[in-house]
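Q: What follows is a single structure, and I will ask about it in a moment.
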Amino acid sequence: MSSLAWLIVWLPLLGFLFNAFLGKRAGKMAVAWVSCLAVLLSLAVTLLIWPAVYTAPEHRLILPLLPWGSIDTPWIKFGGFQSNFALLIDPLSLLMALIVTGVGGLIHIYATGYMGDDPEQPRFFTYFNLFIFMMLLLVLGENFLLMFVGWEGVGTCSYLLISFWYVDNENAKAGNKAFIVNRVGDLGFALGMMAVWSVFGTLSFFTHDGRGVMDLAAKHIAANGMPLSLAPSFFGMPAVTAICILLFIGATGKSAQIPLWVWLPDAMAGPTPVSALIHAATMVTAGVVMVTRCSWLFVQSTTALEVVAWIGVLTAFLGATIGLVQNDIKRVLAFSTISQLGYMFLACGVGNFTAGMFHVTTHAFFKALLFLGAGAVIHSLLGEQDMRKMGGLRYKIPKTWLVMITGTYAIAGIPPLSGFWSKDEILHSAANAPWGGGSSVGLVLWLIGVVTAFMTAFYMNRLMWKTFYTEPRYNEDELVAHPHHNFADEHEGHDTMVGHEEETTGQAAHHDQLEHGATRIHESPPSMMIPLFILAILSVVAGGLLGPTGYFERFLEPSVAPLSLGGLEEGHGPITPVIGYVVSTLIAIAGVALAAMLYRQHMKTGNLIPEERKVQLERNPLSPYTFLLNKWWWDWLYNTIFITIGGWLATNILWKVIDVGIVDGLFVKGLAGGTAYISGLTRRLQTGYVRNYALGMLVGVVALVIGLLVAWNNLPH
């Protein structure tokens, strides 16, 4: 079956091509079927290949990406450089392929119901299939360059999907922001690849002859045979450290870590299935996967590990604090994603890459569940996303409440749900950090992680109370659809709107078809609810089946470098596994209970702070509430530095002085004007009279003779 590995990547690509060229003609039903089948068949092929990985040497297969080629089929070849069209199938890439196609397939099924009434549904599924193709190329590529193609591809697809409803200017801006911020991180990735090539002489991760980057790193040698510790330094750092930090800069962009996290909250502008796909199964986990793939390098640089751990834990804390005050149901989940990604990088930074990937797996289940559940809530309320306008939905949509409470308790870390097992393993590893010269550093990391876990439990149960338990803050008979698609605000005179006068939002169209007297708030259709129930089951059982049994660690072990490769070993801090389990459980219960206690006292308004008081606080930029509501003023800081100051410098210095003054004025106009002036002077010598030319020749001969005489006199006699 391994000979069919290319189908894993090609099936979503074929789905993309069908939808792109035939989708509108084939109709929405055909588009939905082709899109879902492309991803689910890719999942089936992945499952069929699974046994072959177990029987392969070192649990690793290198297979052709092109069905008519081989693993040595060159993509780029010049000089001593060659990059091949090949796939790397090992436990890490297999795990990610299962997550991308499995969770991604469920999100595709959900989207058939959520986007069913959108007039641009074929374009949506075209982008969706392309997204899956690019993510699979990222995780299955045999070398850095193929990974980078997928890396850039998911960035492009995120831009297309986040700004899918581009008529709304804010949606277009959100897509631009995601694209631009990620380009900053991608520069680090590109420089890291160049550094890898300069040291190792290849971009392949593993090769059959043991000359891949990770093969050589495992042997502590570079491509020319010298010890890796003696390789040329970059930016004043050892080569391995520089490579790891440059690659991690790329990861901070793609996985929304400090300082490049600012794009992710705005990614909520796209349709809810997009949010679920980006946050749960694909793009944002790419950085964690890349760092794990390069674990053979990272374990050999204590400095790089420390940077990853501290950035991760601080991002986790930052995301949780901002999530405490958000009012948009999807933005709460966006900041929880930022926070949970921080946990994953914390695990990688303390050398437990398996724990990081374990959290990637469980997070894919409960975060997809939460986003799709939020989409069901939004669907039932005709597009409303503001939790201040919700409440009382527990008995209106009990099935949605059931799956949402499951996801909430899973991310909060309530045992025995999946989030408890993966989060606790990370905290235990942080407490026993292998670097730092003592247990104090690990204890600090653990404490920040525990405080973050408490805030996570609080703000997630806050979401549940404001949405489901407090009194309704709406009149069901007066619910008004919140149009989201590109034809929501059509009016006469806009050519782009012609032919769409009859279109309404998916939610509004669905509710307008209800029988007279039926409640306007109701459960979502089966196409949306079935994926939710599957994800809820996985969120309950996956952690317990994979974590305590040790199966997950044994499964991923061949793909992850041991700490001992870099001369490190796990520390022995005061936090034992039993203490960790107890503390994690108590912290999760305390966070959930505190939210319940506080919001039970504010059942009518659903707000702990009265609206009048909020208005006063928002006027004070130094108040903690305003500080958190404005995301620690990061957007303001970036806007001031890069837009205001950077814009002024670009306009007044780079443009007016350098471009207009120096380039245009001095070089272009100056050189052209100087040439014209000199030409004007010299052309006067061209009189057309023979006597003038003869005189010029005579003057030249005299000057030549004088020069020869002077030279003769200066010669030694």
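Q: Would you please list the contacts, defined by Cβ atoms under 9 Å and residues six or more apart or on different chains, that run from a residue in the stretch 524-535 that is under 16 Å from Ile378 (Cβ atoms) to a residue that is of a type in the set (Lys, Arg)?
A: Ser524/Lys399; Met529/Lys399; Leu532/Lys399
Q: Let me ask another. Mind telling me which of the residues Ala97, Ala56, Ala86 ends up being buried (at least 19 other Cβ atoms within 10 Å of the Cβ), out of contact with any strand residue (DSSP E or B) (no Cβ under 7 Å at 6 or more places or on another chain) and not assigned by TED's automatic domain parsing to the domain that holds Pro271? Walk me through it before giving the result.
A: Details: Ala56 fails: buried (at least 19 other Cβ atoms within 10 Å of the Cβ); Ala86 fails: out of contact with any strand residue (DSSP E or B) (no Cβ under 7 Å at 6 or more places or on another chain).
Every option except Ala97 fails the conditions.
Q: Right, another one. Can you confirm whether the stretch 553-565 contains a residue that is closer than 16 Å to Ser295 by Cβ and more than 28 Å from the chain's Cα centre (by Cα)?
A: yes
Q: Here's something else I'd like to know. Looking at Ser70, Ser93, Ser42, Ser35 in this structure, which one is more than 30 Å from Phe552 (Cα to Cα) and touching a residue at least 12 places away in the same chain (Cβ under 8 Å)? Spell out the reasoning first.
A: Working: Ser70 fails: touching a residue at least 12 places away in the same chain (Cβ under 8 Å); Ser93 fails: more than 30 Å from Phe552 (Cα to Cα); Ser42 fails: more than 30 Å from Phe552 (Cα to Cα).
Criteria check complete, one pass: Ser35.
Q: Let me ask something additional. Looking for whichever is assigned to a helix (DSSP H, G or I) and either without any contact (Cβ under 8 Å) to a residue 40 or more places away in the chain or surrounded by 24 or more Cβ atoms within 10 Å (Cβ to Cβ) (or both) here; the options are Phe345, Phe317. Which one fits?
A: Answer to the check: Phe345.
Q: Restricting attention to the stretch 609-633, report how many residues are surrounded by fewer than 16 Cβ atoms within 10 Å (Cβ to Cβ), under 16 Å from Thr321 (Cα atoms) and of a type outside the set (Ser, Thr, Tyr).
A: Within the stretch 609-633, residues that are surrounded by fewer than 16 Cβ atoms within 10 Å (Cβ to Cβ), under 16 Å from Thr321 (Cα atoms) and of a type outside the set (Ser, Thr, Tyr) number 5.
Q: Can I ask one more? Of all residues in the stretch 8-44 being among the small types (Gly, Ala, Ser) and buried (at least 19 other Cβ atoms within 10 Å of the Cβ), which is nearest to Leu65 (Cα to Cα)?
A: Top of the filtered list is Ser42.
Q: Same structure again: Which condition breaks for Arg293 when tested against (1) among the charged types (D, E, K, R); (2) buried (at least 24 other Cβ atoms within 10 Å of the Cβ); (3) touching a strand residue (DSSP E or B) at 6+ places or on another chain (Cβ under 8 Å)?
A: Among (1) among the charged types (D, E, K, R); (2) buried (at least 24 other Cβ atoms within 10 Å of the Cβ); (3) touching a strand residue (DSSP E or B) at 6+ places or on another chain (Cβ under 8 Å), the lone unmet condition for Arg293 is (3).
Q: Okay, next question. Could you tell me whether any residue of the stretch 28-36 is closer than 30 Å to Gly113 by Cβ, out of contact with any Gly (no Cβ under 7 Å at 6 or more places or on another chain) and of a type in the set (Val, Ile, Thr)?
A: no
Q: Sticking with this structure for a sec: Give the residue, chosen from Asn176, Asn182, Asn171, that is under 18 Å from Ala334 (Cβ atoms), without any contact (Cβ under 8 Å) to a residue 60 or more places away in the chain and assigned to a helix (DSSP H, G or I).
A: Only one candidate qualifies: Asn176.
Q: Counting residues that are hydrophobic (A, V, I, L, M, F, W, C) and without any contact (Cβ under 8 Å) to a residue 40 or more places away in the chain, which helices (runs of 4 or more DSSP H) fully inside the stretch 600-717 reach at least 2?
A: Answer list for the stretch 600-717: 611-618, 634-638, 646-649, 671-682, 690-714.
Q: Let me ask another. Consider Val578 against the criteria (1) surrounded by fewer than 12 Cβ atoms within 10 Å (Cβ to Cβ); (2) assigned to a loop (DSSP other than H, G, I, E, B); (3) in the same structural domain as Ala453 (by TED's automatic domain parsing): it satisfies all of them except one. Which criterion is unmet?
A: Single failed check for Val578: (2).
Q: So for the stretch 563-572 (the condition being outside any helix (DSSP H, G or I) and of a type in the set (S, T, N, Q)), does at least one residue qualify?
A: There is no residue in the stretch 563-572 that is outside any helix (DSSP H, G or I) and of a type in the set (S, T, N, Q).
Q: Now a separate question. Looking at (1) more than 16 Å from the chain's Cα centre (by Cα); (2) assigned to a helix (DSSP H, G or I), which is the only condition His359 fails?
A: The number of the failed condition is (1).
Q: Output the residues belonging to the stretch 219-274 that are of a type in the set (Gly, Ala, Ser), more than 13 Å from Gly287 (Cβ to Cβ) and surrounded by 19 or more Cβ atoms within 10 Å (Cβ to Cβ).
A: Filtering the stretch 219-274 down to residues of a type in the set (Gly, Ala, Ser) leaves 222-223, 225, 229, 231, 233, 236, 239, 242, 250-251, 253, 255-256, 267, 269-270.
Now narrow it down to the ones that are more than 13 Å from Gly287 (Cβ to Cβ): 222-223, 225, 229, 231, 233, 236, 239, 242, 267, 269-270.
Ala222, Ala231, Ala239, Ala242, Ala267, Ala269, Gly270 - these are the residues of the stretch 219-274 that are of a type in the set (Gly, Ala, Ser), more than 13 Å from Gly287 (Cβ to Cβ) and surrounded by 19 or more Cβ atoms within 10 Å (Cβ to Cβ).
Conditions tested, residue by residue: (1) surrounded by fewer than 21 Cβ atoms within 10 Å (Cβ to Cβ); (2) small (Gly, Ala, Ser); (3) under 30 Å from Ala26 (Cβ atoms); (4) assigned by TED's automatic domain parsing to the domain that holds Leu246.
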| residue | (1), (2), (3), (4) |
| --- | --- |
| Gln121 | no, no, yes, no |
| Phe131 | no, no, yes, no |
| Gly141 | no, yes, no, no |
| Gly155 | no, yes, yes, no |
| Arg183 | yes, no, no, yes |
| Gly188 | yes, yes, no, yes |
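Let's see how each residue does on (1) buried (at least 24 other Cβ atoms within 10 Å of the Cβ); (2) of a type in the set (Val, Ile, Thr); (3) under 19 Å from Glu425 (Cα atoms):
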site	(1), (2), (3)
Ala286	yes, no, no
Thr302	no, yes, no
Glu306	no, no, yes
Asn327	no, no, no
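The values are calculated or read from the model by the stated rules, or taken from the named source; none is laboratory data. Small disclaimer: the values here were computed from a predicted structure and weren't measured. Here Cβ is always computed from backbone atoms with ideal geometry, including for glycine, and neighbour counts include all displayed protein chains.
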